[in-house]
Amino acid sequence: MLTRIYRAAGVPAALCAVVAVLISGCGSSEPVSSSSAGQGPSRCGDVTTRPWCNPKLSPAARSDLLLGEMTLMQKLSLLAGDDIISAASGDPYAGISNGIPELGIPDLRMSDGPVGVRGSEATAFPTPLSLASSFDPRLAQRTGKAVANEVRHKGNDLLHAPVLDIMRNPLAGRTFETYGEDPYLAERLGVEWIRGAQTEGVMANVKHYVMNTQEGQIGLPPITSLVGGRQLINHIVDERTLREMHLFPFEAAVREADVATVMCAYGFVNGSAACGSEFLLQQVLRDEWGFDGFVVSDYVLAVKDTVLSINNGTEIEMPLGMFYTPALLQVAVIAGLVTEETVDLRVGNILRTLFRFGFFDRANYVRDDAAIDADAHQTVARESAEQGAVLLRNDGTLPLSASSLNRIAVFGASATVRPSGGGSSAVIPRRFISPLDGLTARLPNAEIVHNAGTDAAAAATLAATADVAIIFVADKASEGVDKTCLSLDCPDLPLSVLVPGLPEIGEKPQDELIAAVAAANPKTVVVLQTAGPVLTPWRDQVAALMEVWYPGQEGGDAIARLLLGDTDPGGRLPVTFPKAEGDTPTAGNPLQYPSVANQILYTEGVFTGYRWYDKQSVEPAFPFGYGLSYTQFEYSDLKVKAGAGKLTVSLNVRNTGSRAGWATPQLYLGLPAPSAAVPQPPRVLKGFSKQWLKAGASVRTTFTLNDRALSYWDVDSSAWKVADGCYSVEAGAHSRDLPLKLTFSRANTSMTVGSCS
């Protein structure tokens, strides 16, 4: 078997692993065979000869019994992946740790990823950033469940998702895989996504723990970048920023969602490799949060060494043993650098988790695409695209009236192709409905003329003859390299010929196309299909502007329904759209981004995203939480009630328009600064709700906040603390539209609602 050759070879296997990823060589994969899978209700074996197979025993007891029967080399064999080729292709799995049949230990098969199963045809869901735009944890749970269902029916046990890294810099190549710039929003969606996934009997692997906030510049997607590259970057961050911003959603994934596994990130945090950090992996993850699962490394070179990584908390190196080959681990044990007790601890964490999640006590998951409810998952994907779409501007042109449309001019290459993010989110869609297809199906009686937009002047001439002009524009983004700028007209990503997605639209830039068409037709609608925030210098020139992100395989149907008013655009921005390139929190300082000598400083502190714009009084193009509807909402009757250890905030939301729509009331708090050394943002998101309201309908929305919601991280005491002082409560439509305001004071754990200063 090829794996045994790798492991016997030791270090040469590491070289082979790198080469294999780059050129897809160095061995062959072993596909899942449906005919050989599913050998009865339990894969563990006879309880009389294998007492650890007894499901009546606790997971810890079963793990101890099994460890007692294992040789050192058998234990070491479980600490690394075993198939580099399938890891690169994603098919039939994105990684595997071979089991030990003679002990009843099954193979552990792993799958990507955040927007659907990578490697073979699967439902291509909208990106996580689109899901974040929905502001709907219920939808996140449905999406996680649907993705995991396909993982299971592809024959896999573990799912590398969701991504809970915070979008610190909008240039980041994997912005589309995140839940945006706010840790609370990421927390609430991430928890429900994990819960949904794990109801399918699939273990979620939350990633990337922690600080995978950039890919770097001058790169070869999806592998690595040369400047500020993720494998080498050292994130220098103070503990308050680390706790309040970047660790925050991971804590809830562990404590609330009971996530099975955690993926440690590529980089270094304050000088320690994330996959070898005693502070991150032992002190925080296990000792403080009570994590009871196992840690899986990111793929290729996330593990930086053998001894520190295994001693400090990484259980499995993926996709292949480079530092975790049995030979190297055995040498470390013999040399006394790693104790056998540590090996037992790491292997025990793996086995106990697998027992706890029923991994041993069921038949193999069989690869059977026919068992996937493709129609149901298509519905989830379409609804997600609709609820994630953000209406940024509308002069009344939208929704379009089908009966009044005779001739429609559609522009842009992305009207006919599916923009998508490269890397672990590169899903092969089961089907694809393009925006042009969606409009054609929805408007059978209208003449629809498509123009690629390569000639702005010719496009303007065509636009002048149409009842409405619809322009589809897109960007490119991928794992492995960051965007070079925020403009739609950025140069192509360096060395990015391998990135799937949008083809070149021609010699003329997209910004010029929009300006020319808008000048020729006052009813010009622009549809953005982007990985994250982009610059919109023409935004005041167009009749309507809608951001649909990378909307997945059902995007065309969803876009048509949105433009024609079959449903209300349900999205609100999970990220801030700047007016200019230099307006972002990390612009203009190479020590903040992309790095100097691979050192990056988080000098913005807790002021990421809208917190920074508010503190600096910088006016964005479109603020965090913003999004229009085809109806109007009124917010009223804000009330705050202080109780023992909690705060209850309630308000009324009423649909004052003539049609049904999505209301998304948002709650922000302004916390007092305990000292000059602990500055606080003007406001921070602490609650949100998603409500479908018919015309004239109203709802009372209530938010309950505990002391943790009022807390800051006190570095001196290494604990969460609530400061005495005056707190502001603001509620409304988005972070820059908060008409409801109240204050309350807190002193010695006692809260008093009313005016304070």
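Collect the residues in the range 269-281 that are buried (at least 24 other Cβ atoms within 10 Å of the Cβ) and in a helix (DSSP H, G or I), keeping them in residue-number order.
Scanning the range 269-281 gives ALA274, CYS275, GLY276, LEU280, LEU281.
Would a scan of the range 228-248 turn up a residue that is of a type outside the set (A, V, I, L, M) and under 30 Å from ASP368 (Cα atoms)?
The answer is no, given that none of the residues of the range 228-248 is of a type outside the set (A, V, I, L, M) and under 30 Å from ASP368 (Cα atoms).
I want to confirm something. Restricting to the range 401-438 and keeping residues that are over 28 Å from SER89 (Cα atoms) and of a type in the set (D, E, K, R), which single residue is surrounded by the most Cβ atoms within 10 Å (Cβ to Cβ)?
It comes out as ASP437.
In the range 282-303, is there at least one residue being of a type in the set (Ser, Thr, Tyr) and not in a helix (DSSP H, G or I)?
yes
Mind checking whether some residue in the range 532-543 is crowded, with 24+ Cβ neighbours inside 10 Å and more than 21 Å from the chain's Cα centre (by Cα)?
Yes, the conditions are met somewhere in the range 532-543.
Filter the range 640-651 down to residues that are free of Cβ contacts under 8 Å to residues at least 60 places away in the same chain and within 26 Å of TRP692 (Cβ to Cβ) and give me whichever is surrounded by the fewest Cβ atoms within 10 Å (Cβ to Cβ).
THR648
What residue, among those in the range 732-751 that are surrounded by fewer than 12 Cβ atoms within 10 Å (Cβ to Cβ) and at negative phi, is modelled with the lowest pLDDT?
Filtering first and then ranking leaves SER750.
Do you know which of the residues in the range 360-390 that are of a type in the set (D, E, K, R) and assigned to a loop (DSSP other than H, G, I, E, B) is surrounded by the most Cβ atoms within 10 Å (Cβ to Cβ)?
Filtering the range 360-390 for residues that are of a type in the set (D, E, K, R) and assigned to a loop (DSSP other than H, G, I, E, B), the one surrounded by the most Cβ atoms within 10 Å (Cβ to Cβ) comes out as ARG367.
Which of the residues that make up the range 725-757 are farther than 22 Å from ARG611 by Cβ and either assigned to a strand (DSSP E or B) or acidic (Asp, Glu) (or both)?
Within the range 725-757, SER745, ALA747, SER750, MET751, THR752, VAL753 meet the criteria.
Hey, does the range 270-280 have a residue that's of a type outside the set (D, E, K, R) and under 19 Å from LEU78 (Cα atoms)?
yes
Of all residues in the range 556-595, which are under 22 Å from LEU131 (Cα atoms) and either acidic (Asp, Glu) or part of a helix (DSSP H, G or I) (or both)?
GLY556, ASP557, ALA558, ILE559, ALA560, ARG561, LEU562, LEU563, ASP566, ASP568
Select from the range 586-642 the residues that are within 29 Å of LEU563 (Cβ to Cβ) and either at pLDDT below 95 or among the charged types (D, E, K, R) (or both) and list them in ascending order.
GLU619, GLU634
Considering only the range 683-696, I want to know if a residue exists there that is at negative phi, surrounded by fewer than 17 Cβ atoms within 10 Å (Cβ to Cβ) and hydroxyl-bearing (Ser, Thr, Tyr).
no
With respect to the numbered conditions (1) assigned to a strand (DSSP E or B); (2) polar (S, T, N, Q); (3) closer than 25 Å to LEU189 by Cα, which one is the sole condition not fulfilled by THR241?
THR241 satisfies every listed condition except (1).
Yes or no: ALA695 modelled with pLDDT of 95 or more, among the small types (Gly, Ala, Ser), outside any strand (DSSP E or B) and more than 15 Å from VAL729 (Cβ to Cβ)?
For ALA695, the condition - modelled with pLDDT of 95 or more, among the small types (Gly, Ala, Ser), outside any strand (DSSP E or B) and more than 15 Å from VAL729 (Cβ to Cβ) - is met.
Would you please name the residue that is modelled with the lowest pLDDT, looking only at residues in the range 299-327 that are crowded, with 24+ Cβ neighbours inside 10 Å and β-branched (Val, Ile, Thr)?
Here the residue is VAL300.
Take PRO681 and decide whether it is under 14 Å from TYR712 (Cα atoms), touching a Lys or Arg at 6+ places or on another chain (Cβ under 6 Å), modelled with pLDDT of 95 or more and not hydroxyl-bearing (Ser, Thr, Tyr).
It is true that PRO681 is under 14 Å from TYR712 (Cα atoms), touching a Lys or Arg at 6+ places or on another chain (Cβ under 6 Å), modelled with pLDDT of 95 or more and not hydroxyl-bearing (Ser, Thr, Tyr).
Looking only at residues in the range 562-582 that are surrounded by 20 or more Cβ atoms within 10 Å (Cβ to Cβ) and either charged (D, E, K, R) or at pLDDT below 95 (or both), which one is farthest from MET211 (Cα to Cα)?
Looking at residues that are surrounded by 20 or more Cβ atoms within 10 Å (Cβ to Cβ) and either charged (D, E, K, R) or at pLDDT below 95 (or both), I get ASP568.
Tally time: how many residues in the range 313-350 are more than 17 Å from MET263 (Cα to Cα) and assigned to a helix (DSSP H, G or I)?
Residues that pass the stated criteria total 16.
Would you pick out the residues in the range 40-98 that are among the basic types (Lys, Arg) and surrounded by fewer than 16 Cβ atoms within 10 Å (Cβ to Cβ)?
Selection gives LYS56 alone.
Checking the condition in the same structural domain as THR743 (by TED's automatic domain parsing), surrounded by fewer than 20 Cβ atoms within 10 Å (Cβ to Cβ), in a loop (DSSP other than H, G, I, E, B) and touching a residue at least 24 places away in the same chain (Cβ under 8 Å), which residue from ARG659, ARG700, ARG654 passes?
ARG659
Among PHE176, PHE125, which is crowded, with 24+ Cβ neighbours inside 10 Å, in contact (Cβ under 8 Å) with a residue 60 or more places away in the chain and outside any helix (DSSP H, G or I)?
PHE125
The values are calculated or read from the model by the stated rules, or taken from the named source; none is laboratory data. Computed from a predicted model, the values in this text were never measured in an experiment. So basically every Cβ, Gly included, is an ideal-geometry build from the backbone, and we count neighbours across all protein chains shown.
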